[in-house]
1. In Å² (nearest 100), what accessible area is buried between B and A, both sides summed, heavy protein atoms only, 1.4 Å probe?
2. How large is the translational diffusion coefficient of region B:97-225 in µm² per second when you combine the Kirkwood radius over alpha carbon pairs with Stokes-Einstein at 25 °C and 0.890 mPa s?
3. For the protein assembly as shown, just run the numbers: alpha carbon Rg, then divide by 2.2 N^0.38 Å, N being how many residues it has.
4. Which residues of region B:124-140 show a drop of at least 10 Å² in accessible area when all protein chains are present, compared with their chain alone (probe radius 1.4 Å, heavy atoms only, ligands and nucleic acids excluded)?
5. Enumerate by residue number the trypsin sites (Lys or Arg not before Pro) in region A:1-41 meeting two conditions: DSSP loop (anything except H, G, I, E, B), and at most 15 other Cβ atoms within 10 Å of the site's Cβ.
6. How large is log10 I(q)/I(0) at q = 0.08, 0.19 Å⁻¹ when the Debye formula is applied to the Cα atoms of chain A, each weighted equally and without solvent?
7. For region B:72-97, which residues drop by 40 square angstrom or more in accessible area between the chain on its own and all protein chains together (1.4 Å probe)?
8. Compare B:Ser190, B:Ser127, B:Ser99 in a GNM of chain B, Cα atoms joined below 10 Å, and give the one with the largest fluctuation.
Amino acid sequence: MANKIRIATTSLGGCFGCHMSFLDIDEHILELAEVVEFDRSPFTDIEHCSNSDIGLIEGGVCNSENVHVLREFRKNCKILVAVGACAINGGLPAMRNHIPLEECLNESYRDGIGVENAQIPNDPELPLLLDKVYPIHELVKVDYYLPGCPPSADVFWKFLTDLIAGQEPSLPYDLVHYD
Amino acid sequence: MSKTINIDGKDIPFTEGQTIIEAATDAGVYVPHLCHNPDYTPHGSCKLCTVKVNGRNCSACTFPAMEGQEIMNNTQELNNDRQKITQMLFVEGNHFCPSCEKTGNCELQAVAYSLNMLDNHFPHFFSNRELDASHPDILIDHNRCIFCNLCVRASQETDGKNVFALSGRGINKKLIINSASGQLKDSNISVQDKAAHICPTGAILIKRTGYFVPIGERIYDKQRIDQVSLNKEKKQLGK
């Protein structure tokens, strides 16, 4: 099965909604499984990305771990795809961007209503938050974008079938939505 | 014989005093635009309607139609420029469509759809803009304002009031409200005013109406803005 197209997927600062929408291709997943195999992905639980043909990135870049994962994907994937609103413009997590990080942390962990044992989490295993949530194209080169919150299953299917057929992927008007 | 201009190889009649965009709309030719509305004095600020007139870029909404003009409109080059302009509008404000009530009915979004804009290309400003929820019926979310000036014009030219103005220049430009406190509740706007309904984006919203029509059933979920715009604006021009 060495000739199968290898796809890696991950969610950075996302909600996995784009992954769920990807799964909404329903029985097409069987057709897909005949020609592709999954590398690092929540579907496989592989921890690190190895050489892949297509990398699908959901979510924006919120913390230091997201930066490492994104760079690992860029390094290992021939084609990197920003999937969904958060990867493209930061999305809902980026709505914190005009609030200073310290205020966000204080509100969540120290001063918020009902907070007990108030303290800012500082376990060394926790990735550090970035000052802002960044769209992925501000950190790495992105080859294609699939807008939507989430992109519909039809968007995934059209895009992947185009790529697998060796065509330049394109989305017709009725598949382009930002909501 | 009526006078004509030529747009993308097609002869289009015009009457003296018409702008290029008016003649084009009359003839069923769509020129992308956001700040233009046939009911109001042209503003010429969004630059989406930029067309090439005899080799030079001009705003179709302000430039008068004149005999012998050779105009390029629907070309790859101009549409690429229009896409870049739209991307700049998206990164300058905070346009998070999934959390905006206007999604699906938003002209900025619809223009972006029609230009097949799939990303925002530029670094985002994530500018810190305010929300004015002071008025009982009307909400202003400055995050989504694109400074098209339509609310300013509608308030002055239709409502006979002077509720809005644009203040400052460049990145410091903002929509201001004509009241002592600067808040909408202290202005003389009313929910029936044209100015409260003309915003092409989700910057001025009528409260408690946002989800009467569900997402997916909205204007631009079903139709392209070129068709919607031509149908509407032909009527406005009395055709």
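1. Using a 1.4 Å probe on protein heavy atoms, the buried area is about 2200 Å².
2. Answer, rounded: 157 µm²/s.
3. 1.10
4. So the qualifying set is B:His124, B:Phe126, B:Asn128.
5. For trypsin sites (Lys or Arg not before Pro) across region A:1-41 that sit outside H, G, I, E and B with at most 15 neighbouring Cβ atoms in 10 Å, the list reads A:Lys4.
6. -0.28, -1.25
7. B:Phe96
8. B:Ser99
The values are calculated or read from the model by the stated rules, or taken from the named source; none is laboratory data. Fair warning: this is a prediction, and the values are worked out from it, not measured in the lab. Neighbour counts run over all protein chains shown; Cβ positions are idealised from the backbone, glycine included. Calculation scope for accessible area: heavy atoms of the full protein, side chains included, ligands and nucleic acids excluded. Shrake-Rupley method; radii C 1.70, N 1.55, O 1.52, S 1.80 Å.
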